Amino acid sequence: MAENQSFSIQPIAHIRTDFPAKFGIPRQSMLIDSLQGEIIFEPHYRNPDALRGLEDFSHLWIIWQFSQTVTTDWSPTVRPPRLGGNKRMGVFATRSPFRPNSLALSVVKIEKIDLHTPIGPVITVSGIDMLDNTPIFDIKPYLPHIDSISTASGGFALPAAEQKLDVEFSGNARSALPQNLLISLQAILEQDPRPHYQEDENRTYGFSYNNYEIHFRVKENRLTVVSATKKQHPTQR
């Protein structure tokens, strides 16, 4: 194969989610079952026949792009945030977004398939870990008898994945949020969205979720949501 051979691929779809920015998004798919998104196909692929038979499957693989980290350069090592951001690992031993081709792979659950909407077929999925409007290059059915390996090793990522924070909401923050968002937001915050090299107990962190601005502080193993403010101009979806 020619050493300088290159390929070009185009998105088949984009996904709508409640995350307008990267901060706060779960680091892996299926960590939070309640987080949903809608796969909206590009006009060329809005053919219901392309989804024929998909209703028989429960989960999907999504091949997508870390669209905010696309770069012409790459590094053979990265600093995984779950290792505190101060230890380097090989890029191909991690799921870091800083990759040669900026490609990602997620498994999600199919919640609903609507073949006939004004914008063509729409697939509602849960367990998402993607930014709003993320480009999708392909979807494939998840096959449990092939894709699930019970004896697989989780390497250095497993101990970090087991760490969770205790989450509490101030009175004002709790009353400002609808119940369905409270449940999802608590699950997001339990995963500790901070980079692990940031441990300033006096720092207030903030991110956008749904149509709210969320602010919180962390002391030891407890995260406190200090405010939840609804945006004056909600994101148009």
Residue farthest toward the positive end of the dipole of the range 34-82, with Cβ of Lys/Arg at +1 and Asp/Glu at -1: which of 53, 64, 81? 81
HN-Hα J in Hz across the range 74-82 - Karplus 6.51, -1.76, 1.60, θ = phi - 60°, x for Gly and Pro: 8, 10, x, 10, 9, 10, x, x, 6
Could you calculate the contour length gain from residue 220 to residue 170, that is, 0.36 nm times the residue separation minus the distance between their Cα atoms, to one decimal place in nm? 16.3 nm
For the chain, the charge dipole (Cβ of Lys, Arg +1; Cβ of Asp, Glu -1; about the Cα centre) points to a positive end, and the Cα of 90, 128, 172 closest to that extreme belongs to 172
Counting only protein heavy atoms, what percent of the accessible surface of the chain is carbon or sulfur at a 1.4 Å probe? 50
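How much accessible area per residue does the range 106-237 have, counting only protein heavy atoms and a probe of 1.4 Å, in square angstrom?
On the way: 7450 Å² over 132 residues.
That works out to 56 Å² per residue.
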Could you pull out which residues in the range 86-103 have an amide N less than 15 Å from a spot 7 Å beyond the Cα of residue 70, following the Cα-Cβ vector? 98-103
Would you mind classifying the range 116-207 by shape? Square roots of the alpha carbon gyration tensor eigenvalues, ordered a ≥ b ≥ c; an a/c under 1.5 is rounded, otherwise it is prolate if a/b is larger than b/c and oblate if not. oblate
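How long is the gain from residue 101 to residue 138 if the chain were fully straight, where each residue apart is worth 0.36 nm and the alpha carbon distance is subtracted?
Values: separation 37, 0.36 × 37 = 13.32 nm, distance 1.49 nm.
Value of the extension gain: 11.8 nm.
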Does the range 52-169 come out rounded, prolate or oblate by the C-alpha gyration tensor, with a ≥ b ≥ c the root eigenvalues, rounded set by a/c under 1.5 and, if not, prolate when a/b is larger than b/c and oblate if not? prolate
Where a label projected 7 Å from the Cα of residue 55 along Cα→Cβ would reach, residues of the range 127-155 with amide N under 14 Å: none
The simple spin-label model distance between residue 33 and residue 199, using points 7 Å out along Cα→Cβ, in nm, is 3.3
Ordered by packing density, taken as the mean number of other Cβ atoms within 10 Å over each peptide's residues, highest first, how do 13-19, 101-107 rank? 13-19, 101-107
Label model pair residue 93, residue 77: point-to-point distance (7 angstrom along the Cα→beta-carbon line) in nm is 1.0
Hey, what's the range 1-54 come to in accessible area per residue, 1.4 Å probe, Å²? 64
Global geometry of the chain, whether rounded, prolate or oblate, following the gyration tensor of its Cα atoms and the 1.5 cut on a/c: oblate
List the residues, sorted by chain then number, that are 5 or more residues from residue 131 or on another chain and whose placed amide H is less than 5 Å from its amide H. none
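The values are calculated or read from the model by the stated rules, or taken from the named source; none is laboratory data. Every value quoted in this text rests on a predicted model; they were computed, and no experiment measured them. Ideal geometry is used to build each Cβ from the backbone, glycine not excepted, and the neighbour counts take in all protein chains shown. Heads up: the accessible areas ignore ligands, DNA and RNA and are worked out on the full protein's heavy atoms, side chains in. Shrake-Rupley method; radii C 1.70, N 1.55, O 1.52, S 1.80 Å.
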